[in-house]
Every structure is written in structure tokens, then in C-alpha cells.
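The values are calculated or read from the model by the stated rules, or taken from the named source; none is laboratory data. Values in this document were obtained by computation on a predicted structure and should not be read as measured data. Ideal geometry is used to build each Cβ from the backbone, glycine not excepted, and the neighbour counts take in all protein chains shown.
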Amino acid sequence: MTGVGAGVSPDPGTTGVEVSPDPGETLLQPTPTPTTTDAPTTPAPAPTEAVTPAESATAEPVPTAPEESPSQAPAPTETVVVEVPWTVDPAVTSSTIPLGAIITALVVLVLAATALAVLFRRNRRLRPAGVPASAALEAAATTTEIGVLDDAHAVALPTEPSVDTVATVRFLMVLGEAMIDSSAPVVQVTRTLERVAAINGAPDVEIIALPTALLVSVPGRTSMQTAASSAGWRQLRLHQVQDVLGVADEAESGSLDPDDGAARIETAVSAPPLYSGGVRILGYVGVCAGLAMILGGSLVDVLVASVLGAAIAGLQVAAARLPAAYQALVVLSCAFVVAAAVFLLSRTGIDVGTLVPLVAPLVTFLPGALLTTAAIDLATRQMIAGAARLAAGTMQLVLLALGITGAAALVGVPASELGSAASQPLGWAGPWLGVLVFGTGVVFHHCARRSALPWILLVLVVAYAGQVVGGLFFGGVFSAFIGAALMTPVAMFAATRPTGPPALVGFLPGFWLLVPGALGLVGVTSILGEDAQALNTVVTAGTTMVAISLGVLAGIALGSAVGRRVGLAVTRF
């Protein structure tokens with residue numbers, strides 16, 4: 001049959017045939033017939049089970065509610081293990097302290113603890129039988145215990161008050177001035193003068209001690225004796241500090257007459273240096289060389305620091321007789337000379353660092369002990385004294401920073417490069433050797449007695465060992481707390497030995513070793529040089545200063561508690 005009716009439409013499913021619709025006719029869209037291979041219109045759930053091709057060809061599509069699929073599918077494997085990022089890793093995992101330094105520090109601490117234990121055992125054998133430790137300590141604790149910041153031990157007062165109130169007031173004034181000039185904290189000066197006054201029949205004495213002034217008032221039956229004087233305008237050497245604190249010990253025990261005590265204090269503060277100018281200059285060279293090794297300087301850095309240190313020591317000896325008003329110019333000039341020399345050397349192409357040869361010669365001007373004493377005053381609620389000393393230390397840093405930035409502007413070396421330091425050529429043993437050289441130089445430059453040399457070295461080695469161990473577990477800032485907390489009891493117990501210096505003489509060099517002022521110097525200089533990281537450096541320096549002061553207080557408490565237990569009379573700092 002060859003004809004096709006006009007009203008009959010071909011099967012749409014037939015292939016190979018074109019259908020031409022009439023102009024007025026609308027064609028219906030063909031509906032595809034679903035087959036078993038067509039994909040379902042709903043989104044496929046997460047692949048939870050393996051499906052074979054045969055099953056997919058025969059299985060009827062079953063609609064699944066979207067809310068049921070999460071309950072049926074287990075959690076993906078990648079979300080089971082949760083990675084918790086650490087913003088700061090533990091200090092022990094990121095520490096760069098060499099293993100040899102850590103082992104040496106641990107050996108030093110073990111040996112120091114063993115020596116103290118032997119000392120305690122020997123003291124117990126020497127104590128009379130049947131006498132408790134508290135009774136053996138009581139007589140000395142009321143006069144020489146450094147750690148008592150409370151009134152746990154009352155001083156036995158005489159039954160009759162002293163008649164010579166004028167002599168007592170004069171002795172209190174002379175002793176208080178000398179203790180302030182010895183860099184003693186205000187709380188120690190106040191407690192010492194109160195005990196001396198009580199021993200001499202003036203238990204109602206009123207003491208106002210400040211870093212630059214002293215006020216003593218002794219009320220009487222009919223009148224009141226009051227005296228005031230300036231203080232803090234001179235800095236005593238270590239042998240003078242030892243003599244002053246020795247007089248204070250005797251005065252607190254009641255074995256020293258006020259007139260004799262005042263005469264001995266005046267003799268101590270007017271005593272000439274123990275060593276000649278050449279020996280003191282050589283000692284300062286040792287201080288600079290030792291600190292350069294502690295800071296990790298190269299051999300060139302140590303040599304440059306030693307030469308500049310000799311020049312600065314010579315200037316100090318020459319300017320010793322200048323009035324106090326010109327000391328600020330001396331600090332500024334020394335900082336300018338040292339910085340200019342270091343920056344000129346760095347521009348010549350010599351492989352010399354900037355931080356090490358710059359800080360080491362200026363260590364005598366760094367207010368590390370001043371800032372730490374200020375933090376102790378603030379911690380013991382002596383706000384005026386602490387704020388005054390803090391301001392004085394900050395001013396010292398500003399003077400140093402002005403000299404350094406002026407030299408940098410003249411020579412052309414940016415102040416922001418002060419943080420660079422060379423590597424330690426002697427390895428992990430270099431800083432330990434530097435501690436010994438530093439301590440020896442301190443003894444001869446600051447005129448400590450030679451009998452105090454081994455004790456000062458012991459305190460410095462323990463302080464550095466504590467800082468190394470603290471840096472391993474707690475990082476840089478808290479390491480200063482550990483070092484100060486460990487060196488303070490050692491200095492306290494060294495003061496109980498016949499050849500040991502007072503505790504203040506023992507750990508003043510420890511303050512200079514921990515050097516919180518070095519970080520502060522770099523930070524203030526960076527601020528003047530518009531360094532964006534300077535604020536972090538200054539905050540770190542301030543935190544380190546507070547950590548050292550708190551470590552000293554913790555060490556005082558520890559040493560006093562152990563001293564009471566074993567009947568060992570520890571002495572003041």
C-alpha cells in the first residue's frame with residue numbers, strides 16, 4: 001500500500017520518519033517511556049553499600065526520604081580524626097637549648113642541692129641535744145633573717161627605755177642611708193631600722209624610707225626626736241655593702257652601741273676601693289667578655305666587647321669624682337661612643353654583630369638590679385618607692401637609647417638591627433665559661449672581697465642553671481623566675497658561712513647576670529628607631545623584671561622555711 005491518509009499521524013516512536021505538522025495544528029510532546037537504565041530523578045544518597053550492575057538493572061527505584069539518609073549513612077572517615085591546631089607549642093618541644101647545656105645545668109643543680117643537704121646535716125649535728133630547730137634559730141632569726149616579711153618573730157625589748165634618744169636617732173639615720181645606698185629594698189630598710197630602734201629602747205619609732213629620702217621619728221615622754229635626710233645619691237661598692245650589713249646584724253642583736261655603730265657606718269661608706277684602678281678596669285674587661293659569651297657572641301664580638309669595655313671602665317674611673325648632676329651626661333656619652341664604634345665596625349665589612357658588642361660594654365649602666373628592686377618594692381606594697389625606682393630605671397634606659405640612636409643616625413646604621421647576634425663558636429660550653437669569667441670580673445670591678453669569689457660564682461652558676469632548666473620547660477620569661485628562685489636560697493645559706501658574703505652581695509651579681517635591662521635597652525632603642533616590634537620587646541623586658549622579683553620573693557620564703565626546719569640562721573639580703 002503506497003498511500004497514507006491525511007488524518008492519520010505516524011507513530012512517534014518510529015524512527016527515520018519526519019512528521020510535518022499542519023500550520024494550525026499543535027503537536028503533543030512525546031512522553032519517554034521509563035526504562036530500568038534511567039537514573040532516578042531524586043539525588044542519589046551517599047554511597048553506603050556496593051551495588052552490582054545486575055542488581056541495578058533489576059531493582060525497582062525506591063524513593064527515599066531525604067531526612068532518612070543521614071541516619072542510615074555512617075559519618076565519613078575524614079571527620080572522625082579531628083586535628084586540633086596549637087597556637088603555641090609546649091616550650092620543651094620547641095626548645096633550642098643544646099643537650100649539653102641541659103645536662104650541665106641538671107648536674108649543677110644536683111651538686112648544689114647535695115652540698116646544701118650536707119650543710120644541713122652538719123648543722124644538725126652541731127646543734128645541742130634536746131634543743132628544737134626553732135629554738136636554735138630564734139635568737140638569730142629576730143636579727144638576721146632575710147625572708148621574714150611579716151612579724152612572726154618579735155624582738156625582746158628592754159625593760160627600761162634608752163636615755164640617749166639623740167644617739168639612737170642619729171644611728172638610725174646613718175644606717176638607713178647606707179642601706180638605701182646599698183640598693184636594699186625599702187621593706188628591708190624599714191624592718192631593720194624598726195628592730196634596731198626597739199633594741200635600743202624606742203619601740204614606737206616611725207620610719208619613712210624612700211629611694212632618695214629617709215625620715216625617722218622617735219616619740220618621747222615630753223618631746224619627739226625627728227630627723228630627715230637625703231639618700232640614694234651614691235652607689236656603694238660590694239665590700240662597703242658587706243660592711244654596712246654586718247653592722248646592721250650586730251645592731252639588731254643588741255651587741256653594738258649606737259655611737260660605735262654610727263662610727264663604723266661612716267668608716268664603711270668612706271672606705272677607698274679595695275683594688276687599684278688598673279685591676280678594676282681589668283675586672284670590667286672580664287665582665288664584658290663573660291657577658292658577650294653568655295649572649296652567644298663570636299670571638300670577634302668578645303674581643304670588640306672587651307676593648308670597648310676597657311675604654312668605658314677608664315671613663316668611669318676618670319669620671320668618678322664628677323658631681324651627681326653630670327652622671328646623666330656620662331651615661332649618654334658612653335652609650336654614644338660604644339654605639340658609634342660598633343656601627344662603624346659593622347660598616348667596614350668586619351664580621352661583627354651588633355647586639356653583643358653593644359650591650360656588653362654598657363652592662364654597668366643597665367638598670368637590671370634597680371628595676372628588679374623596684375618590682376620587689378611594688379610587690380611588697382611600697383608603691384612610692386617602687387614607682388620612683390621604676391621611673392629612674394626607665395630614664396636610664398632612655399639615656400642609653402638616645403646615645404645609641406644618635407650614633408646610628410650619624411653612622412647610618414638603622415637602630416632596628418640591634419636584635420641581631422652571632423652564633424656561639426664555643427658551643428653549649430661557651431655560656432658556662434662566660435658565667436665564670438663574668439663572676440670573676442664582677443668581684444674585682446665592684447670590689448668584693450676575694451673570700452666572696454667562690455660563693456658569688458656558686459650563686460651565678462646556680463642562677464644560670466635554673467634559667468636553662470626553666471627555659472627548657474617554661475620558655476624565656478618564666479626561666480628568669482626559676483633562676484631567681486633557685487639562686488636566692490643559695491645566697492642566703494652562703495651568708496651563714498664564715499667566709500660567705502651577705503646575701504645581698506651574693507645575688508646582686510645574679511641580677512646583673514639575668515639582665516632584664518638588656519631587653520629593655522633593645523626595646524626602647526627600637527621604639528626610637530620606629531620598629532614595629534619594639535612594644536613586644538619592652539613588654540617582655542617588663543615581664544622578665546617582674547618574674548625575677550617574684551622569684552626572689554619565692555626564694556626568700558623557701559630559704560626561710562628550710563632554715564627554720566634545720567635550725568640554720570639565714571641572713572638578710
Lone unmet requirement of (1) in contact with a strand residue (DSSP E or B) (Cβ under 8 Å, 6 or more places away or on another chain); (2) of a type in the set (S, T, N, Q); (3) over 19 Å from residue 502 (Cβ atoms) for residue 190 = (3)
Tally the residues that are in a helix (DSSP H, G or I) and either over 24 Å from the mean Cα position of the chain (by Cα) or modelled with pLDDT of 85 or more (or both), restricting the search to region 402-421.
-> 10
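This table checks each residue for (1) touching a Leu at 6+ places or on another chain (Cβ under 9 Å); (2) small (Gly, Ala, Ser); (3) more than 30 Å from residue 202 (Cβ to Cβ); (4) modelled with pLDDT of 90 or more.
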{"residue": "250", "(1), (2), (3), (4)": "yes, no, no, no"}
{"residue": "259", "(1), (2), (3), (4)": "no, no, no, no"}
{"residue": "265", "(1), (2), (3), (4)": "yes, no, no, yes"}
{"residue": "306", "(1), (2), (3), (4)": "no, yes, yes, yes"}
Conditions (1) within 26 Å of residue 281 (Cβ to Cβ); (2) at pLDDT below 85; (3) aliphatic (A, V, I, L, M); number of the one not met by residue 472 | (1)
Mind checking whether some residue in region 218-232 is crowded, with 23+ Cβ neighbours inside 10 Å, outside the structural domain of residue 505 (by TED's automatic domain parsing) and over 27 Å from the mean Cα position of the chain (by Cα)?
-> yes
Just checking, which of 329, 344 is in a helix (DSSP H, G or I), over 27 Å from the mean Cα position of the chain (by Cα) and under 19 Å from residue 297 (Cβ atoms)?
-> 344
Among the residues listed as 291, 303, the single one being free of Cβ contacts under 8 Å to residues at least 12 places away in the same chain and assigned by TED's automatic domain parsing to the domain that holds residue 492 = 303
Conditions: (1) within 24 Å of residue 455 (Cα to Cα); (2) surrounded by fewer than 21 Cβ atoms within 10 Å (Cβ to Cβ); (3) in contact with a helix residue (DSSP H, G or I) (Cβ under 7 Å, 6 or more places away or on another chain). Residue 272 meets all but one. Number of the miss?
-> (3)
